[in-house]
Structure formats: C-alpha cells, structure tokens
Amino acid sequence: MSEVRVLASVSSTNDVAKEAARHGAREGLVVVAETQTAGRGRHGRQWTSPAGNLFLSVLLRPRDPAVLSLLPLAAGVAVAEAIEAQGVDGQLKWPNDVLVGERKIAGLLAEASTDAGRVDSVVLGVGVNVNLRASDVPAEIAGVTASLFEETGRTHDVRTVAAAVLDRWVLWYDALQADAETVRRTWRARSVDWWGQAVEVVSGGQRVTGLARDIDASGALILEGADGATVKVLSGEARALRPTRTS
Ligand code: BTN
C-alpha cells in the first residue's frame, strides 16, 4: 500500500478515493473512515455506516484490463479470509457479497473511472459489519445482516480487521495478475453451495433464471436455461430460488 488515509467521518470512502484518483493519487491509496454519512452499496442502495464497522476503499490502476471483471471476486476471497481469521466462516455469493448463512456480513463496491475510453482507475470499496448490532440497522434489513460481533459474541478491533483485509487483498491482487484461474477456483471453493440449483438474476430490469452451473474465467455466472442452453450473466443481483446450502 502506498498511503493509508484514516479519517473520522466522510460521505463515502469511495468518493474520497475517487477524488484522490482524479488528482493523480497512486495505485494502492487506502482510505478508511470511522463512519460514513452517505455510504452506498450496489444498485444505488444505502450502506448503513455506524462507527464500529469497517469502511475501506482501495485505489487501483490495473494495467491489464482483463483483470477488471475478476477484481470483485478476488476482493471477496480476501474479505472471506480476513473474517475467517476472526473466527467467522463467510461464503461468497456472486458477484460480490459475503454471507453467513443467508445473512450479509460484508459487501464490495467496485467503481471504475474511464479516461478516453479506457479504465483509468478502479476504486474498490469494502464494507464489513464488524461490531454491528441488529439495533443499528433499519428494521427491514435487521434480519438479513450479520456481523462479526453477532457471530462470535465479542467485539472486534476494526483496525485488526482492516489490516487483515489489506494483507489478504495485496496477496489476491497479485495472484489475480499472475494467475487469474487461482482466483476463480478459490472463489468457487468459498462460494455458497447453490450449484445445480435454480437461481434468479435481475440485471438492468431483466430477470434471468436457470440452474447455477459455474463462474467462467471472466467471473461471469453461467446458468443453464430451461431449454438446456448456457446463459452467461455478466452482472446483476442474484438469489437462489430455494434456500441455499451453506455448510
Ligand atoms: C454492497 O454490498 O452493496 C456493497 C457495499 C459496499 C460498502 C462499502 S463501505 C466502503 C465503501 N464506501 C461506500 O460508500 N461503499 C463502500
């Protein structure tokens, strides 16, 4: 990591890192904040950001565009390993959620900025529910969030979790550039066990269903449609149509 900026409260660590990128900040800049006033998740959702959780963004300037689509998967592996070190076994749900059972313990938001048609930088935002209590979140999502605190019954040091995420991230970012297949395989081994089950993906207002078969070399989800044809899904919000097996 070239520089780590630790801040008290920001709108969103992704915004701070993106602004730094516009001003020429180098790859490896890390922005960590104690709280966010406008933390955001995928699909324009709000990310609840009270103190005691981890809000972190890393600025990347990938030289090889081929790695872009696998960045969130590599980051998911890094986060799953980091929380495992805290005694919590998380599973990865395509494309980039970290779950405990059916509940979400961490999320990733990769935002690319382009210049003259090519990706100039990517800000990878990581949110981990570290010491989150059910009372911290709106009632409608209380049943679908998990935290290290709730899973282990003890508080966790946010800085320790941040350091573990960054350690694992450095390793998996290198692995991604050297041998992307290792990332794909490791992600698959840590994924929720919905393989062979019916899955629905909503993407850009379209709904696609099929049996989950695999993820391909570019990180796309491969479904088998009702007619047996292979459907490749590049992005979207996925859910198993029956409860997933998570052991
Ligand atoms: C999701 O699962 O929808 C993605 C959540 C990403 C949240 C993190 S917290 C740090 C960074 N800053 C943000 O505003 N969002 C990401």
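The values are calculated or read from the model by the stated rules, or taken from the named source; none is laboratory data. Since the structure is predicted, the reported quantities are computational estimates derived from the model, not experimental observations. So basically every Cβ, Gly included, is an ideal-geometry build from the backbone, and we count neighbours across all protein chains shown.
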*Would you call Leu70 within 13 Å of the ligand (Cβ to nearest atom) and either within 12 Å of the chain's Cα centre (by Cα) or in contact (Cβ under 8 Å) with a residue 40 or more places away in the chain (or both)?*
no
*Would you call Val123 in a strand (DSSP E or B), touching a Leu at 6+ places or on another chain (Cβ under 8 Å) and at pLDDT below 95?*
no
*asked:* Can you pull out every residue in the range 20-51 that is closer than 25 Å to Ser235 by Cβ, more than 9 Å from the ligand (Cβ to nearest atom) and modelled with pLDDT of 95 or more?
replied: Ala21, Arg22, Glu27
*Look at Arg103 and say whether it is surrounded by 15 or more Cβ atoms within 10 Å (Cβ to Cβ) and in contact with an Asp or Glu (Cβ under 6 Å, 6 or more places away or on another chain).*
no
*Filter the range 52-84 for residues that are in a loop (DSSP other than H, G, I, E, B) and closer than 18 Å to Ala146 by Cβ and give the result.*
Gly52, Asn53
*Please go through the range 56-82 and pick out each residue that is farther than 23 Å from Thr35 by Cα and among the hydrophobic types (A, V, I, L, M, F, W, C).*
Ala66, Val67, Leu68, Leu70, Leu71, Leu73, Ala74, Val77
*With Val161, Val202, Val170 as the choices, which residue is in contact with a strand residue (DSSP E or B) (Cβ under 6 Å, 6 or more places away or on another chain), outside any loop (DSSP other than H, G, I, E, B), β-branched (Val, Ile, Thr) and under 20 Å from Val58 (Cβ atoms)?*
Val161
_Residue check for Ala82: without any contact (Cβ under 8 Å) to a residue 24 or more places away in the chain, over 11 Å from the mean Cα position of the chain (by Cα) and either buried (at least 24 other Cβ atoms within 10 Å of the Cβ) or within 23 Å of Glu19 (Cβ to Cβ) (or both)_ = no
